[in-house]
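Asks: One structure coming up, written as structure tokens, with questions to follow.
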Amino acid sequence: NAGVMQNPRHLVRRRGQEARLRCSPMKGHSHVYWYRQLPEEGLKFMVYLQKENIIDESGMPKERFSAEFPKEGPSILRIQQVVRGDSAAYFCASSPDRAYHNEQFFGPGTRLTVL
Amino acid sequence: AQTVTQSQPEMSVQEAETVTLSCTYDTSESDYYLFWYKQPPSRQMILVIRQEAYKQQNATENRFSVNFQKAAKSFSLKISDSQLGDAAMYFCAYRSKDGNKLVFGAGTILRVKS
């Protein structure tokens, strides 16, 4: 059973460009969580999605950031008009359902560098 | 809102010795989960151990064990017989019963000396 897949692993963008980060959850998992890790800091929750629904986006910046988890295909975290402060590692995690005893399985992360 | 505090930015331990990493948290909830994650240089997040708040017995996984003090809101990780492969960043995390998100501490870098 393949784990959580994220791609690309490394992404370099210039200021003002768009960044699209992809996450394929583990097989059988329908819940996806995105976290951001700034340099020298812990992970911070961004958004929680189920198929075709955003459940909790309390950690998402109000502008330029959006997320989706379509019926088919991976979850996408989209950052428009990137700025240097967006440089971070972005982690996706998945779980089979929202029961709080369920472990969230993490992907390897995407490291975004904004030049 | 829940918060997680790891007061030790960095710790060192001699190979084969025991080390304890500290974690405290703040919550008004009575039922929740606590976790320790390991992040090696590869940056992959690896679950080390978890504790259910309603269980009084401390969780144990091989060389890893926790000291869970619910009243004091303390959740320390003990690593016995430390190995070079244990060197990593360790994060303490809290998950409330609504299950939406993990709240992480700032992390502790563990260095293992041979």
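Asks: When only residues in segment A:19-43 that are out of contact with any Phe, Trp or Tyr (no Cβ under 6 Å at 6 or more places or on another chain) and over 18 Å from A:V4 (Cβ atoms) count, which is nearest to the other protein chains (Cβ to nearest Cβ)?
Replies: Here is the first cut: in segment A:19-43, the ones out of contact with any Phe, Trp or Tyr (no Cβ under 6 Å at 6 or more places or on another chain) are A:19-20, A:22-25, A:27-31, A:34, A:37-41.
So of that shortlist, the ones also over 18 Å from A:V4 (Cβ atoms) come out as A:19, A:38-41.
Details: A:A19: 18, A:L38: 11, A:P39: 12, A:E40: 8, A:E41: 6 Å.
Only one residue fits best here, namely A:E41.
Asks: Restricting attention to segment A:81-97, and to residues there that are surrounded by fewer than 21 Cβ atoms within 10 Å (Cβ to Cβ) and in a loop (DSSP other than H, G, I, E, B), which single residue is farthest from the other protein chains (Cβ to nearest Cβ)?
Replies: So, considering only residues that are surrounded by fewer than 21 Cβ atoms within 10 Å (Cβ to Cβ) and in a loop (DSSP other than H, G, I, E, B), the one farthest from the other protein chains (Cβ to nearest Cβ) is A:Q81.
Asks: Considering only segment B:1-31, state which residues are over 13 Å from B:V112 (Cα atoms), touching a strand residue (DSSP E or B) at 6+ places or on another chain (Cβ under 6 Å) and within 13 Å of chain A (Cβ to nearest Cβ).
Replies: Hits for segment B:1-31 are B:Q2, B:T3, B:V4, B:T5, B:Q6, B:C23, B:Y25, B:E29.
Asks: Quick check on my filter: what residues within segment A:98-115 are surrounded by fewer than 18 Cβ atoms within 10 Å (Cβ to Cβ), of a type in the set (A, V, I, L, M) and within 14 Å of chain B (Cβ to nearest Cβ)?
Replies: Residue satisfying the conditions is A:A99 alone.
Asks: Here's a follow-up. For segment A:2-18: of the residues being assigned to a loop (DSSP other than H, G, I, E, B) and under 18 Å from A:V114 (Cβ atoms), which is farthest from the other protein chains (Cβ to nearest Cβ)? Can you show your working first?
Replies: We begin by selecting, within segment A:2-18, every residue assigned to a loop (DSSP other than H, G, I, E, B); these are A:2-4, A:8-9, A:14-18.
Remaining after also requiring under 18 Å from A:V114 (Cβ atoms): A:8-9, A:14-18.
Details: A:P8: 14, A:R9: 9, A:R14: 23, A:R15: 24, A:G16: 27, A:Q17: 23, A:E18: 23 Å.
Per the criteria, the residue is A:G16.
Asks: Check B:Y37 against each of (1) within 14 Å of another protein chain (Cβ to nearest Cβ); (2) buried (at least 16 other Cβ atoms within 10 Å of the Cβ); (3) not in a strand (DSSP E or B) and name the one condition it does not meet.
Replies: Among (1) within 14 Å of another protein chain (Cβ to nearest Cβ); (2) buried (at least 16 other Cβ atoms within 10 Å of the Cβ); (3) not in a strand (DSSP E or B), B:Y37 violates only (3).
Asks: Can B:K73 be described as over 25 Å from A:N102 (Cα atoms), more than 10 Å from chain A (Cβ to nearest Cβ), in contact (Cβ under 8 Å) with a residue 12 or more places away in the chain and among the basic types (K, R)?
Replies: Details: over 25 Å from A:N102 (Cα atoms): no; more than 10 Å from chain A (Cβ to nearest Cβ): yes; in contact (Cβ under 8 Å) with a residue 12 or more places away in the chain: yes; among the basic types (K, R): yes.
Spelling it out, it is not the case that B:K73 is over 25 Å from A:N102 (Cα atoms), more than 10 Å from chain A (Cβ to nearest Cβ), in contact (Cβ under 8 Å) with a residue 12 or more places away in the chain and among the basic types (K, R).
Asks: Tell me yes or no: at least one residue of segment A:61-68 is surrounded by 21 or more Cβ atoms within 10 Å (Cβ to Cβ), in contact (Cβ under 8 Å) with a residue 12 or more places away in the chain, in a loop (DSSP other than H, G, I, E, B) and more than 8 Å from chain B (Cβ to nearest Cβ).
Replies: no
Asks: Given (1) within 28 Å of A:L49 (Cα to Cα); (2) outside any strand (DSSP E or B); (3) within 12 Å of another protein chain (Cβ to nearest Cβ), identify the lone condition not met by B:K55.
Replies: Among (1) within 28 Å of A:L49 (Cα to Cα); (2) outside any strand (DSSP E or B); (3) within 12 Å of another protein chain (Cβ to nearest Cβ), B:K55 violates only (1).
Asks: Something else now. If a residue has to be in contact (Cβ under 8 Å) with a residue 60 or more places away in the chain, assigned to a strand (DSSP E or B) and surrounded by fewer than 22 Cβ atoms within 10 Å (Cβ to Cβ) to count, how many in segment B:76-94 make the cut?
Replies: Within segment B:76-94, residues that are in contact (Cβ under 8 Å) with a residue 60 or more places away in the chain, assigned to a strand (DSSP E or B) and surrounded by fewer than 22 Cβ atoms within 10 Å (Cβ to Cβ) number 1.
Asks: Taking segment B:100-114 as the search range and keeping residues that are charged (D, E, K, R) and farther than 14 Å from B:T27 by Cβ, which one is nearest to the other protein chains (Cβ to nearest Cβ)?
Replies: B:R111
Asks: Being outside any strand (DSSP E or B), over 13 Å from the mean Cα position of the chain (by Cα) and surrounded by fewer than 20 Cβ atoms within 10 Å (Cβ to Cβ) is the filter here; which residues of segment B:100-114 pass it? Give the derivation first.
Replies: Initial filter on segment B:100-114 (outside any strand (DSSP E or B)): B:100-101, B:105-107, B:114.
Subset that is over 13 Å from the mean Cα position of the chain (by Cα): B:100-101, B:114.
Passing the criteria: B:N100, B:S114.
Every read-out reported here was derived from the displayed coordinates using simple, explicitly stated rules and does not represent laboratory data. Worth saying up front: this structure is predicted, and the values here are computed from it rather than measured. Methodologically, a virtual Cβ is constructed for each residue, glycine included, from the backbone with ideal geometry; neighbour enumeration extends over all protein chains shown.
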